[in-house]
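Colleague: Sharing a structure below in structure tokens format, with a few things to ask.
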Amino acid sequence: MSKHSHLKKDFEEMKKLVRKLPGAADYLDGPEVAVGQMILARQLELGYNQQQLADLAGVSLEDVTVIQAGMTHPNFGHTVRPDSLAKIFKALKIVGVRPIIDEEAATSMTH
């Protein structure tokens, strides 16, 4: 169990509550949030804070924050440099992305 596992539990509980708000489920189930969660999980696994990740990747702290929050969709009005995501992936040594399907979580999202 990682030292940040309580944060994941808290986040999952918060998502259950927020999911009830109009439009929230579409946002939470979207690819932007999935990518942000993947980046955050890897960042925590490596022991970096957001500023350290930004420095390591050579991107702005704002880009890291926006990407992790899943707010890169044009509807949110944030502009992230086009190469920021690639730089963050490189800094975190994310070279290939293979989804791990959590059937239980996927089923709970549809109910």
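Colleague: Have a look at Leu53, Leu61 and point out the one that is at pLDDT 80 or above and closer than 15 Å to Ala41 by Cα.
Modeller: Step by step, each of Leu53, Leu61 is checked, and only Leu53 is at pLDDT 80 or above and closer than 15 Å to Ala41 by Cα.
Colleague: Let me ask something else. Which number in (1) in a helix (DSSP H, G or I); (2) surrounded by 18 or more Cβ atoms within 10 Å (Cβ to Cβ) marks the one condition that Arg42 misses?
Modeller: (2)
Colleague: Regarding Leu21, is this residue open to solvent by 50 Å² or more (accessible area, probe 1.4 Å), aliphatic (A, V, I, L, M) and closer than 25 Å to Asn75 by Cβ?
Modeller: The answer is yes for Leu21.
The values are calculated or read from the model by the stated rules, or taken from the named source; none is laboratory data. This is a predicted model, so every value here is computed, not measured. Here the Cβ is made from the backbone with ideal geometry for all residues, glycine too, and neighbour counts use every protein chain on show. SASA here: full protein model, heavy atoms, side chains in, ligands and nucleic acids out. Shrake-Rupley method; radii C 1.70, N 1.55, O 1.52, S 1.80 Å.
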